[in-house]
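Remarks on the structure that follows.
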Amino acid sequence: MQPTNIQIDQDWLVQPGVQDVIQALTNDGGIARFVGGCVRDAMFHRPIRDIDIATDQTPDQVIALLDKAGLKHAPTGLAHGTVTAIAAGQGFEVTTLRVDEETDGRRAKVSFTDDWLVDAQRRDFTMNALYCDADGTVYDPVGGIDDIATHRVRFIGDADARIKEDYLRILRFFRFHAWYGQGTILDPQGLAACGDHKDGMEILSIERIRSEFLRLLESSDPAAALWPMQKVGILSLILPVEPDLIALEKLVAREQAADMLSAHRRLAILFSANLQSLGRHASNWKMSNAKKKRLRSMAKNCDVSAMDAASARAAIYRKGKQVFVDDLILWSDQINLDLLRLSQDWAVPTFPIAGDDVMTLGVAAGREVGDLLQSLEDYWVDQDFGPDRDALLGRLPGMLARQ
């Protein structure tokens, strides 16, 4: 595999932990190169998330080399050739060059190789099969650089074959287009292959589908991928409703204006024609209780944009800031920026009265205490949180007398 004349020059290449791992892997003559997302995103001049490393050393050799260098490691995927090296408090996935011996549409059985081209050819997209040396020299065995230049997401080799190896690559194709396509047209061969093999997605786990779809929704222009997904019949396999993509485009514009992006908010707007099914879908997707609660709150379709400041503070207090912001951005044609600033700047107060304060008046512990506290708190909120603790305590005897 020959190097290109392109060289990456970014700070992460010379971080102490990065250099420690590379040096450990190459001390005995082995080759180690950065691969995948870190090289791709460096070429796109985007922030780097994870730093992955490919090597011609076997997993056993990798472990021995890390031990020799005094670096910690974890056997995170030995069957697939992956060891996580730990240096300077950071984890680096180190994976031996591989070739797929057997695939079933979800996972692969692999064997190890020292052939960099063979390793590249088993990957999904050309832009993900870029490697670079410790000095930043880039290797491009399958034409990824040209595709990055044109923002083209292209399967390596035969698109049909790549998809049959792992049907999740269908969703990844659209996710990567949403993230990197920047207004370009989807690769026609890739799009056709995704449509032809969409039924293979039925073997994928809910968790993998959920993760990929939410990551797609996190992009700056998710609708650019969702429109073609809908056209070839893939979106209907993921969502149980006819998605409102026009409403999504409008929401994305509002979110960008507010600089407050949310994949879950975008998921909710797709259900705007059938909001009652949103909570059930969240359960079917095995979301966390917190995420399910948030989506069910969104499904109430509460437009708060016309509230005055006092009403907004009351809503924030009762619902929480996150729910209020979701309602503000989701369900109004134009964001009320004054209320948005209020939601971010206002320090939510703590109700200054507790059950013990009620019981000092001779009220026995139980439901009556809770009812009095709730009535007093409602009064405090209705008064825009103005009465202080002394004023509220002074109100308690009269409330008790009226019961």
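We did not get these values from a lab; they are worked out from the coordinates using the rules stated. Since we're looking at a predicted model, the values are computed, not measured. Cβ placement follows ideal geometry from the backbone for every residue including glycine, while neighbour counts extend to all protein chains displayed.
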With +1 at each Lys and Arg Cβ and -1 at each Asp and Glu Cβ, the charge dipole magnitude of region 9-106 around its Cα centre, to the nearest 20 debye, comes out at 260
For the chain, with only Lys/Arg (+1) and Asp/Glu (-1) charged at the beta-carbon, what is the dipole magnitude about the Cα centre, in debye rounded to 20?
1180
Of all DSSP beta bridges with both partners in the chain, the antiparallel percent, nearest 5, is 85
Residues residue 90 and residue 6, FRET efficiency given R0 of 30 Å [Cβ-Cβ distance, rounded to 0.05]:
0.70
What are the ³J(HN,Hα) values, in whole Hz, obtained from phi via the Karplus relation 6.51 cos²θ - 1.76 cosθ + 1.60 with θ = phi - 60°, for each residue of region 121-138 in sequence order, with x given for Gly and Pro?
6, 8, 7, 7, 10, 4, 6, 9, 10, 9, 10, 8, 6, 4, 8, x, 5, 9
Residue span residue 306 to residue 206: 0.36 nm per residue of separation minus Cα-Cα distance leaves a gain in nm of 32.1 nm
Order of 317, 167 under a 10 Å beta carbon neighbour criterion, fewest first
317, 167
From the cross-link list 198/292; 286/319; 293/319; 231/293, which pairs have alpha carbons spaced over 22 Å apart?
198/292; 286/319; 231/293
Sorted largest first, the C-alpha extents of region 1-78 along its principal axes in whole angstrom are 34, 27, 23
Compute the long axis of helix 367-382 from its Cα atoms, compare it with the longest principal axis of the Cα atoms of the chain, and write down the angle in degrees, 0 to 90, nearest 10.
80
Selected from 219, 232, 192, residue furthest toward positive end of dipole (the chain; charges at beta carbon)
232
Region 276-304 residues near the modelled residue 258 label - backbone nitrogen below 13 Å, point 7 Å along Cα→Cβ
298, 302-304
Taking the Cα centre of region 335-403 as origin, work out the dipole magnitude from +1 charges on Lys and Arg Cβ and -1 charges on Asp and Glu Cβ, in debye rounded to 20.
140
Would you kindly state how much longer the chain becomes between residue 64 and residue 364 on full extension, computed as 0.36 nm times their sequence separation minus their alpha carbon distance, in nm to one decimal?
101.1 nm
Charge dipole of the chain about the Cα centre (unit charges at C-beta), most positive-ward option of 201, 309, 329
309
Under a 10 Å cutoff between Cα atoms, tell me which one of 352, 59, 222 has the largest fluctuation in the Gaussian network model of the chain.
352
Span per principal axis, largest first, for the Cα atoms of the chain (Å):
87, 53, 36
Would you kindly give the portion of the calculated P(r) for region 241-348 that falls above 18 Å, as a percent of all Cα pairs?
46
Whole-number Å³ per residue for the convex hull built on Cα positions in region 355-402:
67
Just tell me which aspartates and glutamates come within less than 13 Å, Cα to Cα, of residue 109; anything on the same chain fewer than 8 places away is out.
100, 101, 165, 166
Averaging over every viewing direction, what projected area does the convex hull of the Cα atoms of region 1-149 cover, in nm²?
8.5
Helix-only CD estimate at 222 nm, as mean residue ellipticity for the chain, using -39500 (n - 2.57) per DSSP H run (n ≥ 4):
-14000 deg cm²/dmol
Please work out whether region 163-238 counts as rounded, prolate or oblate from its C-alpha gyration tensor, where a ≥ b ≥ c are the square roots of the eigenvalues and a/c under 1.5 means rounded, while otherwise a/b larger than b/c means prolate and anything else oblate?
oblate
